[in-house]
Amino acid sequence: MEQSKTTRIVVIGTGFVGSSYAYALVNQGLCNELVLIDINLKKAEGDAMDLGHAVPFGAPMRIWAGDYADCRDADLVVITAGANQRPGETRLDLADRNAKIFRSIVDDVMKSGFDGLFLVATNPVDILSYATWKFSGLPAHRVIGSGTILDTARLRYQLSQAYRVNPQNVHAYIIGEHGDTELPVWSHTSIGVRPISDFLKRGIGPSQEELDQIFLQVRDAAYHIIERKGATYYAIAMGLARLTRAVLNDENSVLTVSTLLNGEYGLEDIFIGVPAVVNRSGVREVMDLNLSEEERKKLHHSAQVLTQVLKNIL
Ligand SMILES: NC(=O)c1ccc[n+]([C@@H]2O[C@H](COP(=O)([O-])OP(=O)(O)OC[C@H]3O[C@@H](n4cnc5c(N)ncnc54)[C@H](O)[C@@H]3O)[C@@H](O)[C@H]2O)c1
């Protein structure tokens, strides 16, 4: 009998984010083999045991604490390893520390003979996605940064509350750095089929000032959560699972990921969060939106900030 293709995902870094993502994978039955790698081997082993015991309640899956040789047959290597923000720290403050960690992780993955896609979540995610691209030597479309997928979800959730509609019907995007210089694309926001400008004109729903407040809550959400419980992980884990589905099911889904720009938005040689079509080959194409002048300026500012950090660490 012909054997069907086995799907293997390797998660590197089984901290809050990595283990929550692994749990989402088990819950959603997204792969056949799940390998957990962490510098703290005991943590990876404990998670593999705990998650393995969940398998009888879901879809069959092999789960083990592995090593870099296991990346050879992986479809997807997901990196969630490295330092997270301490209260008051920005994501960019982590750049130096985490770039060093990434150098050795990506080298070890590539030494295995890995020939799949990278999914990067560690912060600062735009910087580390670029670093993964450079360190790995893979074509840029095979490195997907989680970018502003989480920020976009936060915005859609807040707007869904304000307009009292299902977040699935909120079409809104945060673009730019996954961090302090990100921006909402109000010029391309709609609730169901109606542009948000229509709601504003008719005086239905939040005013522009209230929308601006909503954006600030979204932008600063990580700070507010970290202040309360030390880390954020459930929503990013679901976001990574969403990206995993888009890849493994070859969905051609439009998601806001961090990807290489080659002239789109007048920017190049930078990984930054923009809507892009994601499928089995990674990032198929970037959607080049016709931004308002103000949005374009803000996106360029965000890109400048990232470029400066890249210059300092690479
Ligand atoms: N992209 C996003 O939207 C998003 C959202 C939340 C958190 N994050 C980021 O995800 C990262 C992880 O956050 P967390 O809360 O899970 O942190 P954590 O401290 O709980 O976990 C990090 C894990 O990485 C492991 N690790 C460190 N160095 C390693 C190495 N060289 N090789 C293998 N494993 C190594 C640690 O042992 C630890 O288990 C942080 O950078 C955080 O800022 C990103």
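Considering the stretch 96-124, and only residues there that are touching a Gly at 6+ places or on another chain (Cβ under 8 Å) and open to solvent by 60 Å² or more (accessible area, probe 1.4 Å), the residue that is nearest to the ligand (Cβ to nearest atom) turns out to be I101. Say we look at the stretch 51-95 and pick out the residues that are among the aromatic types (F, W, Y) and more than 23 Å from the chain's Cα centre (by Cα); which of these is farthest from V143 (Cα to Cα)? Of everything passing the filter in the stretch 51-95, F57 is farthest from V143 (Cα to Cα).
For every residue, the table says whether it meets (1) more than 16 Å from the ligand (Cβ to nearest atom); (2) open to solvent by less than 40 Å² (accessible area, probe 1.4 Å); (3) at positive phi; (4) among the hydroxyl-bearing types (S, T, Y).
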{"position": "V193", "(1), (2), (3), (4)": "yes, no, no, no"}
{"position": "E210", "(1), (2), (3), (4)": "yes, no, no, no"}
{"position": "Q213", "(1), (2), (3), (4)": "yes, no, no, no"}
{"position": "H224", "(1), (2), (3), (4)": "no, no, no, no"}
{"position": "I236", "(1), (2), (3), (4)": "no, yes, no, no"}
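Taking the stretch 135-151 only, how many residues are open to solvent by 10 Å² or more (accessible area, probe 1.4 Å), at negative phi and in contact with a helix residue (DSSP H, G or I) (Cβ under 9 Å, 6 or more places away or on another chain)? Summing the residues that are open to solvent by 10 Å² or more (accessible area, probe 1.4 Å), at negative phi and in contact with a helix residue (DSSP H, G or I) (Cβ under 9 Å, 6 or more places away or on another chain) in the stretch 135-151 gives 8. Would you check if D93 is at pLDDT below 95, within 12 Å of the ligand (Cβ to nearest atom) and not basic (K, R)? Here the answer is yes, as D93 does meet what is asked. With respect to the conditions (1) within 19 Å of G179 (Cα to Cα); (2) within 16 Å of the ligand (Cβ to nearest atom); (3) surrounded by fewer than 22 Cβ atoms within 10 Å (Cβ to Cβ); (4) of a type in the set (A, V, I, L, M, F, W, C), A241 falls short on a single one, namely (1).
Just one of the listed residues (G82, G88) is within 11 Å of the ligand (Cβ to nearest atom), of a type in the set (G, A, S), open to solvent by 10 Å² or more (accessible area, probe 1.4 Å) and over 22 Å from V283 (Cβ atoms), namely G82. Selection of the stretch 292-313 for residues being open to solvent by less than 90 Å² (accessible area, probe 1.4 Å) and within 19 Å of G179 (Cβ to Cβ) yields E295, L299, H300, S302, A303, V305, L306, T307, V309, L310, I313.
For the stretch 125-161, the set of residues classified as in contact (Cβ under 8 Å) with a residue 24 or more places away in the chain, within 30 Å of P206 (Cα to Cα) and either away from the ligand (no atom under 11 Å from the Cβ) or not acidic (D, E) (or both) consists of S146, G147, T148, I149, L150, T152, A153, R154, L155, Q158, L159, listed by residue number. The lone criterion from (1) crowded, with 16+ Cβ neighbours inside 10 Å; (2) out of contact with any helix residue (DSSP H, G or I) (no Cβ under 7 Å at 6 or more places or on another chain); (3) modelled with pLDDT of 95 or more left unmet by D47 is number (2). The residues of the stretch 199-216 that are farther than 16 Å from S187 by Cα and not charged (D, E, K, R), listed by number, are G203, I204, G205, Q213, L216. The residue that is most open to solvent (accessible area, probe 1.4 Å), among those in the stretch 248-263 that are under 23 Å from G176 (Cβ atoms) and aliphatic (A, V, I, L, M), is V254.
The values are calculated or read from the model by the stated rules, or taken from the named source; none is laboratory data. Bear in mind that the values here come from a model prediction, so they are computed numbers and not experimental data. Don't worry about glycine lacking a Cβ; one is built from the backbone with ideal geometry, like all the others, and counts go over all protein chains shown. Note: accessible area is taken over every heavy atom of the protein model, side chains too, but ligands, DNA and RNA are not part of it. Shrake-Rupley method; radii C 1.70, N 1.55, O 1.52, S 1.80 Å.
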